[in-house]
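Colleague: Once you've had a glance at the structure underneath, I'll fire off some questions.
The values are calculated or read from the model by the stated rules, or taken from the named source; none is laboratory data. Just so it is clear, the structure is predicted and the values come from calculations on it, not from any experiment. Reconstructed Cβ throughout: ideal geometry from the backbone, glycine too, with neighbour counts over all protein chains shown.
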Amino acid sequence: MHPLTAIWIKNWNTLCNLRRILQRESIFKTVFILLFAAGMVGGFFMMFLNGFQFLANLGGGGFMITRRLFSLFFLGLGAMLVMSNIITSYSTLFRSRETLFLLTAPLDTRTFVTYKFIESTLLSSWAFFFLMIPFTAAYAWHEKLGLIFALWTVVFSLPFVFLSGALGSLISLAAVRWFPRSRLVWGAAAVILLIFAIRAILQIRPVIQEEATFILNRFLPGLQLATHPLMPNNWTAEGIMALTNGQWLRGGMLWLVLVTNTALLFLLIQEFGRRIFYTAYQQVTGSPKIRRRRDELLGWLDRLLAFLPHDIRGMIMKDIRSFLRDPLQWSQALIFFGLLGLYFSSFRSFHYNEMPPIWRNLVVFLNIFSVSSVICSLAARFVFPQLSLEGHSFWILGLAPTGMRRILLTKFFLAALAMVTISAGLMGLATWMLQAGSALSLISIGLAVAISLSVSALSTGLGALFIDLKQPNPAAIISGFGGTLNLVLSLGMMLGSILPFGLIWHWRVSEGLADSLFIKANLIVGLWVILLSALMVSLPLWLGIRSLKNREY
Amino acid sequence: MISIQHLNKRFGTVQAVNDLSLEIPAGELFCFLGPNGAGKTTTIKMMTGLLRPDSGTIRIGGFDVQKQPVEAKRIMGYIPDMPFLYEKLTPVEFLKFVAGLYNVAPPDLSGHIESSLRQFGLQEARNALIGELSHGMRQRLLYIATFIHTPKVIFIDEPLIGLDPHSIRMIKNLLRAKVRDGMTILLTTHILALAEDIADRIGIISDGRLIALGKLGDLRTQSGDKGSLEDIFLNLTASPEPLNPSTPMAFEALAK
């Protein structure tokens, strides 16, 4: 039997054991996640459908945008796949514990890298299909296309996913091999130079452009790149449309171009696996085991916090240092918030600030929704399990001359301070870039603060209530009943706060809600959010403190 | 069976393995001893091909680990100190996977697996998920998996961690039996009694250098110490500043 066959049989067996694994998980969690995912897909479908209808109402220009939007959409998804595959490839190839196991088996590195590439591409492609399905369904619904459109979408999407994944894996392998930690700056400089070079090459376009295309390119940045004939996303989008419209020759040619390029990258992955993987693996595992560090990280902050009681200062510094030394935590936070920050700061480049008020409103509330979602997921992932992860060292806190109340409140204030600073900062940036007006800016920032405080308190309090000191695996801690309840309540709090304000402001700009009624409604909803936040902050913390005080260690 | 010539490995400024040469014939149980950070695990990782030596060669059964890695790995097995197991598989599925990985297809693989599970007292757990097994059960499963392709050489890093006395006795008997059958075993341990009990030869490594090698009697001669292996080991690897229990620790003074 070929080793690769054995590996796929193993993966198939793992999949078959899914039922048993799900039985060990909370049913509440499984049902909730399924319903939430269905709701998200449905929501995306409705949003995309409304978008297509809006464009259709614009007439000729709208029709042109709709056609090109397909390419733009695949460009975005492709970029997302490349990015996520860079990260997933790194962890599956170099950091996974399975790597050590498989490398001691009689498996050549070419086969190993091929398997890991397919695995990481499949792992990182779920979000692609999660977004692509509602988008293409909305498009098909709007354009009244038949089921054959779905077939061609699948036929083109699969090679496109593997092509983007291969690019990510190649970048990851090359970066580890040729740009190890000490040469990171040189690596970053090379990547930036490469991006500029590609951009310069792609800008060599026919001087003569249709006036409409010229205007569209000015209006929608990225469109020029997305519709470039050398871009794989363009082959995908154009190919799907060509085959749907019965242009067999053009569609077939584009599919073959896509497949041959994917096959070429696949060969390159195998060649990289054969030639550079082992050396790259040595770069990661063969680096000094004990890195030279300063005696004290952030010693200046420790001295700055001298005014705090010593036990609180000690806990704050321990948590900050642990966070900074755990790349998993800070890198996820940095990626999510960094991407949101980049997106918000480019609003004016996209001319979002010149949009009609109804759209600007929608964008502002969608932004609060996205910032809050990230806050909820990060709190569920990192704040909720932090007390449980104290694990076997919890006795240090338990025996220390400090109270459980102080421990829990310190953890809450630290989490809340970080969440509030980031979310309020991001919402301030978003509303400023959108020129949203002072009232809407104030409400957005207020909502971000309220949600951050509530979610921090929920995660800290429920983390104490459902503490599990025997479980070292954070994934197992958050997948239990407590973790699920925390996520559900956090998302509930988020929706319960954002939706009422969103509806009032939508009615105001769409139906012309009267001034007096608008002000009254804002005051009532504001009061509701304050009361809800007060409850969400105080109750979980009170329950958590009570539980910790009554606990035996 | 194992031939190491002038092996060197450096991590940054630390020389983890320093000009190590060693020959281990077939059918020998060799025990590698050394203080923490002496270079034992690094040496094993180089022998299994996980780490590339800076210089020197390693041959397993005549195959150069760096130049013929697949051939060398085909005849070796490795049990690390913190082994990885697929938690979402059952023991039977895992063993069949390992058999596939090593392209082992005995006429009655299922029967072989069943008898191995029975021998190691895992027949009751055959359909449980590995994630549900206790530490001792996982260790025993790992031994079955390692022996499934009848390797000629086995590397074991700390074989008895977390095992109960019954499992320890079983593993010791098993290793001795395998050596009698001609298998070569290299293991590292901090349990000196284990080395004294089962090793044919012992090597002591300190700061990446092999400082003593041979049977217990040879080590006594080399160290000039007639005592137990513990005395010999402590004598050879003596720390430059041994702890003196009568000296008050720095923070006791601080507390005062």
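Colleague: For the stretch A:388-420, enumerate the residues that are polar (S, T, N, Q) and more than 19 Å from A:Pro474 (Cβ to Cβ).
Modeller: Within the stretch A:388-420, A:Thr402, A:Thr410 qualify.
Colleague: Considering only the stretch A:364-378, how many residues are crowded, with 18+ Cβ neighbours inside 10 Å and either in contact with a His (Cβ under 9 Å, 6 or more places away or on another chain) or touching a residue at least 40 places away in the same chain (Cβ under 8 Å) (or both)?
Modeller: Step one: filter the stretch A:364-378 for residues crowded, with 18+ Cβ neighbours inside 10 Å, giving A:364-365, A:367-368, A:371-372, A:374-376, A:378.
With the extra rule that they be either in contact with a His (Cβ under 9 Å, 6 or more places away or on another chain) or touching a residue at least 40 places away in the same chain (Cβ under 8 Å) (or both), the set shrinks to A:364-365, A:367-368, A:371-372, A:375-376, A:378.
So the count comes out to 9.
Colleague: Go through the stretch B:2-16 residue by residue and tally those that are assigned to a strand (DSSP E or B) and within 12 Å of chain A (Cβ to nearest Cβ).
Modeller: Here is the first cut: in the stretch B:2-16, the ones assigned to a strand (DSSP E or B) are B:2-11, B:14-16.
From the residues that got through so far, the ones that are within 12 Å of chain A (Cβ to nearest Cβ) too are B:9-11, B:14-16.
Looking only at that region, the number is 6.
Colleague: Right, next: Scan the stretch A:6-19 and report the pairs whose first residue is at pLDDT below 85 and whose second residue is of a type in the set (Ser, Thr, Tyr) and surrounded by 18 or more Cβ atoms within 10 Å (Cβ to Cβ), with Cβ atoms within less than 7 Å and a gap of 6+ or a chain change.
Modeller: none
Colleague: Let me ask you something else. Within the stretch B:46-60, which residues are away from every other protein chain (no Cβ under 11 Å) and within 24 Å of A:Pro3 (Cα to Cα)?
Modeller: B:Arg59, B:Ile60
Colleague: Next up: Scan A:Thr30, A:Thr5, A:Thr14 and give me the residue that is assigned to a helix (DSSP H, G or I), surrounded by 12 or more Cβ atoms within 10 Å (Cβ to Cβ) and away from every other protein chain (no Cβ under 14 Å).
Modeller: On inspection, the qualifying residue turns out to be A:Thr30.
Colleague: Right, here's the next one. Would you say A:Phe94 is more than 30 Å from B:Tyr78 (Cβ to Cβ), modelled with pLDDT under 90 and either within 11 Å of chain B (Cβ to nearest Cβ) or part of a helix (DSSP H, G or I) (or both)?
Modeller: It is false that A:Phe94 is more than 30 Å from B:Tyr78 (Cβ to Cβ), modelled with pLDDT under 90 and either within 11 Å of chain B (Cβ to nearest Cβ) or part of a helix (DSSP H, G or I) (or both).
Colleague: Next up: Please go through the stretch B:46-74 and pick out each residue that is over 16 Å from the mean Cα position of the chain (by Cα) and among the aliphatic types (A, V, I, L, M).
Modeller: Filtering the stretch B:46-74 down to residues over 16 Å from the mean Cα position of the chain (by Cα) leaves B:52-59, B:61-72, B:74.
Those that are over 16 Å from the mean Cα position of the chain (by Cα) and among the aliphatic types (A, V, I, L, M): B:Ile58, B:Val65, B:Val70, B:Ala72.
Colleague: Has the stretch A:528-550 got at least one residue that is over 30 Å from A:Ile467 (Cα atoms), assigned by TED's automatic domain parsing to the domain that holds A:Ile396 and either in contact with a Lys or Arg (Cβ under 6 Å, 6 or more places away or on another chain) or not polar (S, T, N, Q) (or both)?
Modeller: Yes.
Colleague: Report yes if some residue within the stretch A:358-372 is among the aromatic types (Phe, Trp, Tyr), closer than 15 Å to A:Ser452 by Cβ, modelled with pLDDT of 85 or more and outside the structural domain of A:Gly51 (by TED's automatic domain parsing); otherwise report no.
Modeller: The answer is yes; a qualifying residue exists.
Colleague: Any idea which residue in the stretch B:61-88 is farthest from the other protein chains (Cβ to nearest Cβ), counting only those that are modelled with pLDDT of 90 or more and assigned to a loop (DSSP other than H, G, I, E, B)?
Modeller: Per the criteria, the residue is B:Gly62.
Colleague: For the stretch B:89-142, give me each residue that is part of a loop (DSSP other than H, G, I, E, B), more than 12 Å from chain A (Cβ to nearest Cβ), touching a residue at least 12 places away in the same chain (Cβ under 8 Å) and surrounded by fewer than 18 Cβ atoms within 10 Å (Cβ to Cβ).
Modeller: B:Gly121, B:Arg126
Colleague: Now, a different point. Does B:Thr43 satisfy the criteria of being more than 9 Å from every other protein chain (Cβ to nearest Cβ), within 19 Å of the chain's Cα centre (by Cα) and over 21 Å from B:Gly182 (Cβ atoms)?
Modeller: The answer is yes for B:Thr43.
Colleague: Do we find a residue being assigned by TED's automatic domain parsing to the domain that holds A:Ala79 and not in a helix (DSSP H, G or I) anywhere in the stretch A:153-176?
Modeller: no
Colleague: Filter the stretch A:324-362 down to residues that are without any contact (Cβ under 8 Å) to a residue 40 or more places away in the chain, surrounded by 15 or more Cβ atoms within 10 Å (Cβ to Cβ) and assigned to a helix (DSSP H, G or I), then give me how many there are.
Modeller: Summing the residues that are without any contact (Cβ under 8 Å) to a residue 40 or more places away in the chain, surrounded by 15 or more Cβ atoms within 10 Å (Cβ to Cβ) and assigned to a helix (DSSP H, G or I) in the stretch A:324-362 gives 1.
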